[in-house]
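As C-alpha cells, the structure follows; a few thoughts come after it.
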Amino acid sequence: TVVAELDNDSERASVLQAKGAVDAAEANLSKVKSGTRPEQVAILESALEGAKSGVVNALLSSYTSVDNAIQGGVDVMFNDADSGLPIFRVVLSDSQLTSDVQNKRAMMGTILKREDGMAQTIAASSDLAAELTIAEREVRNVRNFLDDIVLALNKKAVPTSDITATTIATYQATAIAARTSINASLASISTARQALQTAQKNLEQGVGGPVSEDLAGAEAALTQAKGVYAAALANLEKTI
C-alpha cells in the first residue's frame with residue numbers, strides 16, 4: 001500500500017524521457033544490424049554515378065582551361081609555340097628565365113596532346129581516380145609555367161620596338177587571367193575528388209552492411225540509455 005507520494009512530476013517526466021531514449025537506441029541498434037535497405041543502396045549508387053559525372057565534367061573543364069590558357073592565351077608570346085623549340089618573343093634581362101620559359105612551353109605540348117586525347121575518350125567508366133591524379137599534376141605544371149611567364153613580364157621584360165611596354169602590359173593581363181583560370185581548375189579537381197571518394201565510401205558501407213565500430217557504438221548507446229532509464233526509475237521510487 002502506498003502510504004504517501006511526494007510531488008514527483010519532474011521525476012515522472014524524466015522516466016518518460018529516459019524510456020524514449022531507450023526506445024530510440026533500440027530502434028537505432030536494430031537499424032544498424034539490419035543494414036541498408038535496397039532502396040537506400042539504389043540511392044547511394046545513384047549518388048556515386050552523379051559524383052562520377054561531376055568528375056568527368058571537372059576533367060573536361062580542366063582540359064579546356066589548359067588549352068585556353070596556353071594555345072588560346074600565352075602562345076601569342078611565342079614564335080613556333082607548337083614546335084619542339086618555341087621562342088619567347090619578349091626580351092628578358094634574365095637569359096636563364098628565358099630558357100626556362102621556352103623549355104616549359106615545349107613540355108606543355110605533351111600535356112596538350114594527352115589531354116586532347118582524353119577529352120575524346122573520358123567517361124564515367126574510366127579510371128577516374130587515376131585520371132584526377134594525372135590531370136592535377138599536369139595542371140600544376142601549367143600553373144608553374146604561367147608563374148614563370150608572369151614573373152618574366154613583371155620583373156624581367158625589356159620593351160623593344162617589336163614588343164612595346166603596352167604590348168607587355170597586355171601580355172601580363174593575359175597571363176594573369178590564364179593563371180586565375182588554372183587555379184579554378186585545381187579547386188574543381190579537388191572538389192570532384194572529394195565528392196567521388198565520399199560517394200564511394202558511402203556505397204561501400206551501405207552494401208557491406210554495418211561495420212563493427214558502428215555496431216559497437218549502437219550497442220553502447222543502448223546500454224547507456226538503459227542506465228539513464230534505471231536511474232530515473234530509482235529517483236521516482238524515492239518519492240513514493
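For residue 101, the conditions (1) under 26 Å from residue 129 (Cα atoms); (2) open to solvent by less than 40 Å² (accessible area, probe 1.4 Å); (3) at pLDDT 95 or above are fulfilled apart from (1).
Test of understanding: among 215, 236, 186, 196, which residue is in contact with a Lys or Arg (Cβ under 9 Å, 6 or more places away or on another chain), under 30 Å from residue 4 (Cα atoms) and in a helix (DSSP H, G or I)? Walk me through it before giving the result.
Details: 215 fails: under 30 Å from residue 4 (Cα atoms); 186 fails: under 30 Å from residue 4 (Cα atoms); 196 fails: under 30 Å from residue 4 (Cα atoms).
That would be 236, the only listed residue that is in contact with a Lys or Arg (Cβ under 9 Å, 6 or more places away or on another chain), under 30 Å from residue 4 (Cα atoms) and in a helix (DSSP H, G or I).
Report, by residue number, each residue of region 138-157 that is hydrophobic (A, V, I, L, M, F, W, C) and open to solvent by 60 Å² or more (accessible area, probe 1.4 Å). The answer is 151, and nothing else.
Output the residues belonging to region 1-28 that are open to solvent by 70 Å² or more (accessible area, probe 1.4 Å) and assigned to a loop (DSSP other than H, G, I, E, B).
1, 2, 3, 5, 6, 7
Restricting attention to region 5-20, the residues that are free of Cβ contacts under 8 Å to residues at least 24 places away in the same chain and of a type outside the set (Gly, Ala, Ser) add up to 2. Screening 167, 133, 191, 180 for residues that are assigned to a helix (DSSP H, G or I), surrounded by 15 or more Cβ atoms within 10 Å (Cβ to Cβ) and of a type outside the set (Gly, Ala, Ser) leaves exactly one candidate, 167. Of the numbered criteria (1) in contact (Cβ under 8 Å) with a residue 60 or more places away in the chain; (2) out of contact with any strand residue (DSSP E or B) (no Cβ under 8 Å at 6 or more places or on another chain); (3) within 30 Å of residue 152 (Cα to Cα), the one residue 2 fails is (3). Being within 26 Å of residue 101 (Cα to Cα) and either open to solvent by less than 60 Å² (accessible area, probe 1.4 Å) or out of contact with any helix residue (DSSP H, G or I) (no Cβ under 9 Å at 6 or more places or on another chain) (or both) holds for only one residue in 160, 121, and it is 160.
Checked against (1) open to solvent by 20 Å² or more (accessible area, probe 1.4 Å); (2) over 26 Å from residue 98 (Cβ atoms), residue 58 passes all but condition (1).
Does residue 237 satisfy being within 30 Å of residue 23 (Cβ to Cβ), open to solvent by 40 Å² or more (accessible area, probe 1.4 Å) and free of Cβ contacts under 8 Å to residues at least 60 places away in the same chain? So residue 237 fits the description; yes.
Once region 29-55 is narrowed to residues that are at pLDDT below 90 and of a type in the set (S, T, N, Q), the residue that is most open to solvent (accessible area, probe 1.4 Å) is 34. Among the conditions (1) touching a strand residue (DSSP E or B) at 6+ places or on another chain (Cβ under 6 Å); (2) under 11 Å from residue 152 (Cβ atoms), the only one that residue 100 does not satisfy is (1).
The values are calculated or read from the model by the stated rules, or taken from the named source; none is laboratory data. None of these values were measured; they are calculated from a predicted model. Ideal geometry is used to build each Cβ from the backbone, glycine not excepted, and the neighbour counts take in all protein chains shown. Side chains are part of the model used for accessible areas, which takes the heavy atoms of the whole protein and leaves out ligands, DNA and RNA. Shrake-Rupley method; radii C 1.70, N 1.55, O 1.52, S 1.80 Å.
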